[in-house]
Amino acid sequence: MSTEKFARPSLEAALEAWKKSLASHALPPEQLWIFAENLCIEPSPTTPGSFHFGFQTKFTPPDADALEIAYDHFSATPARIVFYRLGSAANKSICILLCDPWFEEKKSLDGFEPRDDWKISFRPGHAGEIEEVTDLKRWVRRIRRDRAFHDFDFSMALETVDEIKLHGRPLMPYERMGQKMLDRLRRILGQPE
């Protein structure tokens, strides 16, 4: 068991440090936060076997409090939190919050800036644009399986944010399945959810 001592800062303090990290790399300080459902991974049109990364907020926009809920939930764990920048779009840094012990091994050579006193790392990434996908067909056809593992696979889903808002915690898989079955029955019977 780890005996590491760390103290998580408030979200505001962490975001201020994140802005300073972005500024030190001459990256846009304004941020757009996305979640698992907002990622749009497609086969690369130029390189066979590789992938093109985009994002969307048109079809599954995050609630205004989604980042705060994700940060609070991740802060309650002993795992490292990562503020991760995917790229830029519309003069904003497109960011995603990650959390897992897997990030403990990620250091400066990997592009991460660890703050061990907070057990948080920042990964500002490289300058470059990331495409915002607004075509529903592209988003529906995005790749969800059968691809290489990536850092952002440790992001929170908006579905989990909703569960925390409704139930005070993420649901267990059997609870999630039961909820889906009840929702289908309600639709079949014409009852409101």
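Values as computed for the structure displayed
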quantity	calculated
Residue match in the range 139-162 (condition: more than 18 Å from the chain's Cα centre (by Cα) and at negative phi)	yes
Residues that are over 15 Å from Gln31 (Cα atoms), assigned to a helix (DSSP H, G or I) and in contact with a strand residue (DSSP E or B) (Cβ under 9 Å, 6 or more places away or on another chain), drawn from the range 57-70	Ala70
Checking Glu104 against (1) assigned to a helix (DSSP H, G or I); (2) loosely packed, with under 15 Cβ neighbours inside 10 Å, the condition it does not meet	(2)
Unmet requirement for Arg138, which otherwise passes all of (1) surrounded by fewer than 11 Cβ atoms within 10 Å (Cβ to Cβ); (2) farther than 22 Å from Gln31 by Cβ; (3) at pLDDT 85 or above	(1)
1 or more residues in contact with a His (Cβ under 7 Å, 6 or more places away or on another chain): qualifying helices (runs of 4 or more DSSP H) within the range 124-193	158-167
Answer from Pro114, Pro78, Pro9 - the residue that is farther than 30 Å from Trp139 by Cβ and assigned to a strand (DSSP E or B)	Pro114
Meets criteria (at pLDDT 85 or above and among the charged types (D, E, K, R)) for Asp146	no
Filter result for Phe122 (surrounded by 11 or more Cβ atoms within 10 Å (Cβ to Cβ), without any contact (Cβ under 8 Å) to a residue 60 or more places away in the chain and within 17 Å of the chain's Cα centre (by Cα))	no
Residue satisfying condition, being of a type in the set (D, E, K, R), over 27 Å from Gly168 (Cβ atoms) and touching a helix residue (DSSP H, G or I) at 6+ places or on another chain (Cβ under 9 Å), within set Lys20, Lys92, Lys58, Lys107	Lys58
Yes/no for Gly111 being free of Cβ contacts under 8 Å to residues at least 40 places away in the same chain and touching a strand residue (DSSP E or B) at 6+ places or on another chain (Cβ under 8 Å)	yes
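The values are calculated or read from the model by the stated rules, or taken from the named source; none is laboratory data. Bear in mind that the values here come from a model prediction, so they are computed numbers and not experimental data. Methodologically, a virtual Cβ is constructed for each residue, glycine included, from the backbone with ideal geometry; neighbour enumeration extends over all protein chains shown.
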